[in-house]
Amino acid sequence: MLDGELLRRRLAERGLSLACFAPPETGSTNNDAKEYAKTAPKEPVLFAADRQTAGRGRQGKTFVSPPGGLYMSLLLTTELPTEGAVGVTGCAAVAACRAVEECAAVPARIKWVNDILVPIPSSGRWGKAAGILCERVETESGSALVIGIGLNVGSAPKVEGANFPPAALARPDHPVEPELLCACLTERFLSFARDGFRFSRAVREYRERSVVLGQQIVFVRDGISRTGTVRAIDDDGSLLADTPEGPVRLDSGEISVRLSPRA
């Protein structure tokens, strides 16, 4: 169970002083942050739990959030930069990979646009260890930004038919302290926030960590399933793919990407 007092100590050890709410269970940390944004806070606020009863993912999908994970949202009193949501999510993904590698000592990769992958032991496969959801909040006092992430820390839920099966960060020989991981993620998210979430500062690393570059993908646009081969990740975070109908630019707000079974 997430220890709120230990989390505050871990934040303090990294020189971070910010309001922190860490109940054992909540509906959704992103929803908590969006509701708190109505109070017009002047400084970042952290929300964390080790279980969600109403977790959300991109495009309104349910995010499975069983006990033993880490679910956190950082509320920032800043608007999305001109580079937009894809770039912010890209920066958050790079920050998350760095934190995972520091705290779990496993390599981390990115499945465009918001999933963090780690190796599944003794399988030769990659599995999904985390998902990111960034949201803009409009209030009477202006705009704010919520960076939410859910991570499988000690165990992974069972999800049938997943393109990348769920994977846990912890290993028998390397347990992961959720409070330390949460503090590390907060520190790295705030670092990108101070830099204005300029994706240009993260794009090279994002490309190096990508598992979709050069791969055949299946994507859905306007309700129609299509196929293509990923040619590049653009400087704004968009995915560039070649399809039988010609080149396309994919934005996270309009598509869902899966690797082709042949990839």
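Taking the range 136-158 as the range and being crowded, with 20+ Cβ neighbours inside 10 Å and not in a loop (DSSP other than H, G, I, E, B) as the test, the residues that pass are Val137, Ala144, Leu145, Val146, Ile147, Gly148, Ile149, Gly150, Leu151.
Select from the range 7-47 the residues that are open to solvent by less than 30 Å² (accessible area, probe 1.4 Å), within 18 Å of Val176 (Cβ to Cβ) and modelled with pLDDT of 95 or more and list them in ascending order. Hits for the range 7-47 are Leu7, Leu11.
Any residue at all in the range 201-208 that's out of contact with any strand residue (DSSP E or B) (no Cβ under 8 Å at 6 or more places or on another chain), modelled with pLDDT of 90 or more, part of a helix (DSSP H, G or I) and hydroxyl-bearing (Ser, Thr, Tyr)?
Going residue by residue through the range 201-208, those that are out of contact with any strand residue (DSSP E or B) (no Cβ under 8 Å at 6 or more places or on another chain) are 201-202, 204-205, 208.
If we keep only those that are modelled with pLDDT of 90 or more too, we end up with 201-202, 204-205, 208.
Pick out the ones that are also part of a helix (DSSP H, G or I) and you get 201, 204-205, 208.
Subsequent filtering for residues that are hydroxyl-bearing (Ser, Thr, Tyr) retains none.
The answer is no; no qualifying residue exists.
Scanning the range 1-53 for residues that are farther than 23 Å from Thr139 by Cβ and of a type in the set (Val, Ile, Thr) yields a single hit, Thr53. Is it the case that some residue within the range 198-207 is within 17 Å of the chain's Cα centre (by Cα) and farther than 25 Å from Leu250 by Cα? Looking through the range 198-207, none of the residues is within 17 Å of the chain's Cα centre (by Cα) and farther than 25 Å from Leu250 by Cα.
With respect to the conditions (1) touching a helix residue (DSSP H, G or I) at 6+ places or on another chain (Cβ under 6 Å); (2) modelled with pLDDT under 95; (3) surrounded by 24 or more Cβ atoms within 10 Å (Cβ to Cβ), Gly69 falls short on a single one, namely (1). Scanning the range 159-176 for residues that are surrounded by fewer than 18 Cβ atoms within 10 Å (Cβ to Cβ) and in a loop (DSSP other than H, G, I, E, B) turns up Val159, Glu160, Gly161, Ala162, Asn163, Pro165, Pro172, Asp173, Pro175. Selection of the range 179-205 for residues being open to solvent by 30 Å² or more (accessible area, probe 1.4 Å) and touching a Gly at 6+ places or on another chain (Cβ under 8 Å) yields only Arg198.
Among the residues of the range 1-42, the one identified as β-branched (Val, Ile, Thr) and touching a Lys or Arg at 6+ places or on another chain (Cβ under 9 Å) is Thr26.
Tell me, yes or no, whether the range 215-230 has at least one residue that is open to solvent by less than 30 Å² (accessible area, probe 1.4 Å) and closer than 23 Å to Ala168 by Cα. Please lay out each step first, then the result.
Here is the first cut: in the range 215-230, the ones open to solvent by less than 30 Å² (accessible area, probe 1.4 Å) are 217, 219, 228, 230.
Filter again for closer than 23 Å to Ala168 by Cα, leaving none.
Looking through the range 215-230, none of the residues is open to solvent by less than 30 Å² (accessible area, probe 1.4 Å) and closer than 23 Å to Ala168 by Cα.
Under 30 Å from Pro41 (Cα atoms), among the small types (Gly, Ala, Ser) and in a helix (DSSP H, G or I): is that true of Gly131 in this structure? Before you say what the answer is, go through the steps one by one.
Working: under 30 Å from Pro41 (Cα atoms): yes; among the small types (Gly, Ala, Ser): yes; in a helix (DSSP H, G or I): no.
Answer is no for this residue.
The values are calculated or read from the model by the stated rules, or taken from the named source; none is laboratory data. Being a predicted model, the structure only gives us computed values, none of them experimental. Virtual Cβ from ideal backbone geometry, glycine too; neighbours counted across all protein chains shown. Side chains included, ligands, DNA and RNA excluded: accessible areas come from the protein's heavy atoms. Shrake-Rupley method; radii C 1.70, N 1.55, O 1.52, S 1.80 Å.
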